[in-house]
Amino acid sequence: MNKKTVRDLDVKGKKVFVRCDFNVPLDGEQITDDTRIVAALPTVRYLIEAGARVILASHLGRPKGEVNPKYSLNPVAKRLSELLGKQVEKTQDSIGPEVQERVNLLADGDVLLLENVRFHKGEEKNDPELAKQFAALADLYVNDAFGTAHRAHASTAGIADHLPAVAGFLMEKEINFMGKALEDPNRPFTAIIGGAKVSDKITVLENLLHKVDQMIIGGGMANTFLKALGYQLGDSLLEADRVELAAALLAKAESLGVMVFLPEDLVVASEFKADAEHKVVDAETEGVPSGWMALDIGPKTMRTFELVVQRSNTIVWNGPMGVFEMDAFSKGTISVANSVAKCTGTTIVGGGDSVAAVEKSGVADRMSHISTGGGASLEFLEGKALPGVVALLDNK
Ligand SMILES: Nc1ncnc2c1ncn2[C@@H]1O[C@H](COP(=O)(O)OP(=O)(O)OP(=O)(O)O)[C@@H](O)[C@H]1O
Ligand SMILES: O=C(O)[C@H](O)COP(=O)(O)O
């Protein structure tokens with residue numbers, strides 16, 4: 001990576017604003033997977049030991065610029081305190097007089113966590129005023145939020161206009177590993193895409209078609225493609241205004257000779273609930289009954305996906321195959337996790353929920369790389385420059 005890192009800074013006694021990606025999966029106030037917090041620890045520990053005054057910032061979820069206690073970073077402060085073995089105080093906001101006061105009280109080696117930066121509308125708009133307010137809190141800026149590096153936001157990009165800006169160890173590790181593995185991948189190269197962020201990721205798929213040999217599409221993402229094939233989807237999560245794009249992508253894949261695998265059968269449920277009535281239907285001949293929704297891939301699809309994975313030498317996986325948080329709809333994701341774990345080639349799993357699913361399946365240690373980035377790793381793989389990385393100082 002040709003960017004300066006935290007090693008290049010003299011941080012003793014300095015206030016260091018560290019952007020992390022603590023966007024962890026939650027069940028109420030319970031963190032269900034702390035991978036992203038653990039992954040940030042090397043940078044935080046290094047800064048503590050070097051005598052910096054550490055100001056941590058992150059988003060959580062998509063609160064859309066409004067204060068919403070559901071997306072508070074309180075659970076993260078608690079988990080960080082446990083992991084670091086020292087109290088991590090949290091502020092009520094990410095800017096303003098209270099934050100400034102708390103920052104002024106920091107001693108060398110102290111750690112302070114700011115409240116969710118997305119409680120301010122200016123964050124996602126990369127508002128220069130907000131970026132300036134973040135920058136005013138510190139002397140130096142470290143971006144360790146690889147998972148959010150594909151977003152040009154005030155705390156991931158704008159702030160770097162005002163402070164010396166470098167990468168943290170996690171950012172460095174992610175970029176170096178993926179850069180090496182994906183530069184000249186062993187083929188066949190397969191992308192497995194699922195999850196729920198359809199409009200975000202569907203555009204990424206177009207560029208991915210030029211990189212991969214095979215593409216498996218499952219989870220919520222698959223529904224828009226199945227609709228493009230004319231199948232019935234009932235009340236399933238799908239993006240009606242992306243159906244045409246999905247059809248165009250399928251045609252493009254065919255012209256490029258990229259094999260696309262979609263669910264042949266689906267687990268459908270009468271409602272979005274863990275104990276909902278559910279059954280398996282054939283995607284083409286039966287479809288999803290009206291009022292029902294597809295929440296997992298079916299057994300036939302699991303077998304097909306396993307065969308595709310078996311003949312792959314490089315795999316990048318982002319997005320679960322179903323609503324894995326509910327046991328009744330977790331089988332497809334667990335099956336894919338086990339199949340990927342058996343692959344002897346390079347396997348990269350990325351994304352907050354995808355990593356949680358792999359952890360839940362107990363196969364995390366059998367992946368070549370667990371990435372903290374979902375959308376970010378897909379955009380990196382596409383070959384796009386990530387704004388959160390571009391903003392950092394070059395290593396000349
Ligand atoms: N068929 C489906 N219907 C509704 N939700 C689904 C379906 N399949 C998967 N999901 C949901 O998708 C969510 C995860 O999607 P997402 O795209 O955010 O993946 P991710 O791994 O967290 O990646 P990123 O880090 O980019 O957010 C899970 O909460 C899961 O329940
Ligand atoms: O989970 C992610 O992919 C990152 O935390 C970024 O979240 P976003 O898609 O809401 O920007």
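Sorted from largest to smallest, which semi-axis lengths in Å does the alpha carbon gyration tensor of segment 107-265 give for its equivalent ellipsoid, taking the root of 5 times each eigenvalue? Don't skip to the end; give the middle numbers.
Values: eigenvalues 289, 84, 33 Å².
Gyration-tensor ellipsoid for segment 107-265: 38, 21, 13 Å.
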Completion exercise
Out of L393, A337, V260 - ranked by how far each Cα lies towards the positive end of the dipole of the chain, with unit charges on the beta-carbon of charged residues - the top one is L393
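Based on DSSP loop calls and a cut-off of at most 16 other Cβ atoms within 10 Å, the longest stretch of the chain free of exposed GluC sites (Glu not before Pro) is what?
Numbers: sites that count: E29, E66, E239, E271, E277, E284, E286.
Here the longest run is 67-238.
Roughly speaking, what is the stretch gain from D200 to N313, that is 0.36 nm per residue apart minus the C-alpha to C-alpha distance, in nm to one decimal? Intermediate results must be reported in sequence, preceding the final value.
On the way: separation 113, 0.36 × 113 = 40.68 nm, distance 2.68 nm.
Here the answer is 38.0 nm.
Would you mind getting the accessible area per residue of the chain, heavy atoms of the protein chains only, 1.4 Å probe, in Å²?
On the way: 16230 Å² over 396 residues.
I get 41 Å² per residue for the chain.
Whole number please: convex hull volume per residue of the Cα set in segment 1-151, in Å³?
Numbers: hull volume 16.4 nm³, N = 151.
Dividing the Cα hull volume of segment 1-151 by its residue count gives 108 Å³.
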Problem - Gyration tensor over alpha-carbon atoms, the chain, equivalent ellipsoid semi-axes in Å - result: 38, 22, 19
Practice task
Would you mind telling me the share, in percent, of accessible area of segment 36-147 contributed by carbon and sulfur at probe 1.4 angstrom?
Solution key: 51
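Which of the chymotrypsin sites (Phe, Trp or Tyr not before Pro) found in segment 310-357 are loop residues per DSSP with 14 or fewer other Cβ atoms within 10 Å of their Cβ? All intermediate terms of the calculation are to be shown ahead of the outcome.
On the way: sites: W317, F324, F329; in loops: F324.
Counting only loop positions with at most 14 other Cβ atoms within 10 Å, none of the chymotrypsin sites (Phe, Trp or Tyr not before Pro) in segment 310-357 qualifies.
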Problem - Two-decimal log10 I(q)/I(0) for segment 10-85, as the Debye equation yields it once each C-alpha is a single scatterer, q = 0.21 Å⁻¹ - result: -0.95
Handout entry: Gap separating the Cα centres of segment 221-271 and segment 33-107, nearest whole Å
Key = 40
Exercise for the section: May I ask for the angle, rounded to the nearest 10°, between helix 219-228 and the longest principal axis of the chain, with both axes built from Cα atoms and the value confined to 0 to 90°? Expected result: 50
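Taking every DSSP beta bridge with both residues inside the chain, roughly what % is antiparallel (nearest 5)?
Numbers: 12 of 50 bridges.
Rounded to the nearest five, the antiparallel share is 25 percent.
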Problem - Linear extension gain, L106 paired with V67, 0.36 nm per residue minus alpha-carbon span - result: 11.5 nm
Handout entry: Helix 35-49 axis, angle to the chain major axis (alpha carbon atoms, nearest 10°)
Key = 20
Problem - Net dipole in debye of the chain [+1 Lys, Arg Cβ; -1 Asp, Glu Cβ; about Cα centre; nearest 20] - result: 920
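How large a share of the accessible area of segment 228-271, in percent, is made up of carbon and sulfur atoms when the probe is 1.4 Å and the other protein chains stay in place?
51
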Practice task
Compute the acute angle (0 to 90°) between the alpha-carbon long axis of helix 243-256 and the principal axis of greatest extent of the alpha-carbon atoms of the chain; round to the nearest 10°.
Solution key: 80
Exercise for the section: With only Lys, Arg, Asp and Glu charged, each at its Cβ (+1 for the first two, -1 for the last two), find how big the charge dipole of segment 244-350 is about the Cα centre; round to the nearest 20 debye. Expected result: 500
Practice task
For the chain, set up a Gaussian network in which alpha carbons nearer than 10 Å are linked by springs, and say which option among K360, K227, K70 fluctuates the most.
Solution key: K70
Handout entry: Separation of the N207 and E306 label points, Cα + 7 Å toward Cβ, nm
Key = 3.5
Practice task
Enter the accessible area of I334 (Å², nearest 10), with the probe set to 1.4 Å and all protein chains included.
Solution key: 60
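Roughly speaking, what % of Cα-Cα pairs in segment 335-394 are separated by over 20 Å, rounded to a whole number? Each step should come with its number before you reach the end.
Working: 597 of 1770 pairs.
Beyond 20 Å sits 34 percent of the P(r) for segment 335-394.
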Problem - Which listed pairs, of K70/K300; K342/K384; K125/K396; K279/K360; K132/K173; K64/K180, have C-alpha distances above 32 Å, in listed order - result: K70/K300; K64/K180
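Taking 0.36 nm per intervening residue step and subtracting the Cα-Cα distance, what contour gain separates K273 from E82 on full extension? The partial results should precede the final answer.
Details: separation 191, 0.36 × 191 = 68.76 nm, distance 3.25 nm.
Between K273 and E82, full extension yields 65.5 nm more.
The values are calculated or read from the model by the stated rules, or taken from the named source; none is laboratory data. Here the structure is a predicted model, which is why all the values come from computation and not from measurement. Methodologically, a virtual Cβ is constructed for each residue, glycine included, from the backbone with ideal geometry; neighbour enumeration extends over all protein chains shown. Each accessible area value is taken on the protein alone, full model and side chains, heavy atoms only, with ligands, DNA and RNA left out. Shrake-Rupley method; radii C 1.70, N 1.55, O 1.52, S 1.80 Å.
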